[in-house]
Each structure stands twice: as structure tokens, then as C-alpha cells.
Amino acid sequence: MERILVWDWPTRIGHWLMASSFLVAYLTGDSETWRLVHVFAGGTLAGLVAFRVLWGLIGTRHARFSDFLRAPSTAWRYLTGLLSGKAPHYAGHNPAGGYAIFALLLLGALAAVSGWSVYQDIGGEWLEEVHEMVVNLMLLVVGAHLAGVIVGSLAHRENLPRAMVTGYKLGKPGEAIARGHLWAVSILIGSAVAAAWWLSR
């Protein structure tokens, strides 16, 4: 194997923006003073999720859902393989990581919808509790995702966080993507800003 380009620009930038917007929204969730910041961060997250779903359908090879959403049994074999030191290497997301990505996108969408409804005084106190439950569940998945990144980095002897910055991972030459699609970053950021503006009105 050699270092190949795996993660395109919108996947990488979207990943870090999504992590940042969730962190800001989580830290400002209980503050009335920072309420607008919380809502704007939640709206940004909604726009990023929407773009990531679109990019999961039309994006580059390893960004597409078809590349990393595999059968549950495959994910289970990968996890047990990690414990035995025999987990196969994947150029893109591994099967277990694929489910974490899918869960984060689903929970991010639910958090945005429920949060916006609470902001608009729709649903009452029960919906506020649902919003809080979804956010806490998302935090648990984030924790599991981070643990998986650490274990995967050690098991395969590669720095996965650095790969999400540079775009390069270990893989076979035929698994590389041709280019980074920098042009799509403008659509990514536009989606985030538009959603944040519209949801915080």
C-alpha cells in the first residue's frame, strides 16, 4: 500500500465544520445569553448535514454511502477483528465507522428539526426533552466515533485524524480519487450559511 488521496475537500471541511458547530451548539445549549449563537450553530449543522447527504449520493468514491454502508454482519466482523488484531484495512470508512457516520447524520438532522421547533415554540416541553435526548445520544455516538478513530489508528498504524486534514491515507493505487473537488466547498459553505440564517430567523 501507499499514500493515496482518499478524502476530498468538501468531505474534510464538512467533517471539521460539523464537529465545530455541534460543539458550539452543545456548549451554548443551556445559556439564554448565548441562545442565538446556539440556534445559529444548530442551523449550520443542519445545512452541513443536508450537504453531506447530497455528497453521499453524488460525491467522490469514498464519500458515497455506497462505499461504506455495509451489512451489519460485516461491521460486527470488523469490530471483532479489531480485538483479535486481524481487522481488514479500508481505504475509506471502515464498516463500523460507516454506521457511526450514518447515525451522526440522522441524529444531527433530528436535533436540528427538534431544536428549530423548540425555538419556534412548537411542541411544548416534551419536544424540548426530545431535543435534549437526541443531542445527548449524538454525544454518545461522537464518543464512540472518537474511540473508534483511536483504536483504528493504532490497529492499522496510521493517523486517521491527520488523514481527515490532509486527505491522504494508506491504500492501493486503484483506490485513490482523482481530485479534491475544491469547487464543491462553496456549495458546502453556502448550504451551512443559508440553513443557519433561515432557521435562526
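The values are calculated or read from the model by the stated rules, or taken from the named source; none is laboratory data. Computed from a predicted structure; not experimentally measured. Positions of Cβ are generated from backbone atoms using ideal geometry, with glycine treated the same way; all protein chains shown enter the neighbour counts.
Points to keep in mind about this one:
- Applying the condition of being among the small types (G, A, S) and in contact (Cβ under 8 Å) with a residue 24 or more places away in the chain to the stretch 144-177 and asking which residue is nearest to G85 (Cα to Cα) yields A155.
- Residue count for the stretch 148-164, restricted to those that are among the polar types (S, T, N, Q) and loosely packed, with under 12 Cβ neighbours inside 10 Å: 0
- Residue in the stretch 119-129 that is over 20 Å from the mean Cα position of the chain (by Cα) and in contact (Cβ under 8 Å) with a residue 60 or more places away in the chain present: yes
- Considering the stretch 50-75, the residues that are aliphatic (A, V, I, L, M) and in contact with a Gly (Cβ under 9 Å, 6 or more places away or on another chain) include one that is modelled with the lowest pLDDT, namely L69.
- One residue stands out in the stretch 1-19 among those that are among the β-branched types (V, I, T) and in a helix (DSSP H, G or I): the one that is surrounded by the fewest Cβ atoms within 10 Å (Cβ to Cβ), namely I13.
- Filtered residue count, the stretch 73-129, keeping only those that are surrounded by fewer than 18 Cβ atoms within 10 Å (Cβ to Cβ) and in contact with a strand residue (DSSP E or B) (Cβ under 9 Å, 6 or more places away or on another chain): 1
- Flag for W197 being over 21 Å from W16 (Cα atoms), touching a residue at least 60 places away in the same chain (Cβ under 8 Å) and in contact with a helix residue (DSSP H, G or I) (Cβ under 8 Å, 6 or more places away or on another chain): no
- Residues that are in contact with a Ser or Thr (Cβ under 6 Å, 6 or more places away or on another chain) and of a type in the set (V, I, T), drawn from the stretch 104-133: V130
- Every residue from the stretch 20-31 that is without any contact (Cβ under 8 Å) to a residue 24 or more places away in the chain, under 19 Å from W197 (Cα atoms) and not aliphatic (A, V, I, L, M): S20, T28
- All of L36, L82 fail the test of being part of a helix (DSSP H, G or I), at pLDDT below 95 and more than 30 Å from W197 (Cβ to Cβ), apart from L82.
- Any hit, the stretch 51-71, residues being among the aliphatic types (A, V, I, L, M) and buried (at least 21 other Cβ atoms within 10 Å of the Cβ): yes
- Qualifying residue in the stretch 44-55 (condition: polar (S, T, N, Q), touching an Asp or Glu at 6+ places or on another chain (Cβ under 9 Å) and touching a residue at least 12 places away in the same chain (Cβ under 8 Å)): no
- Residue match in the stretch 60-70 (condition: within 17 Å of A192 (Cα to Cα) and part of a helix (DSSP H, G or I)): no
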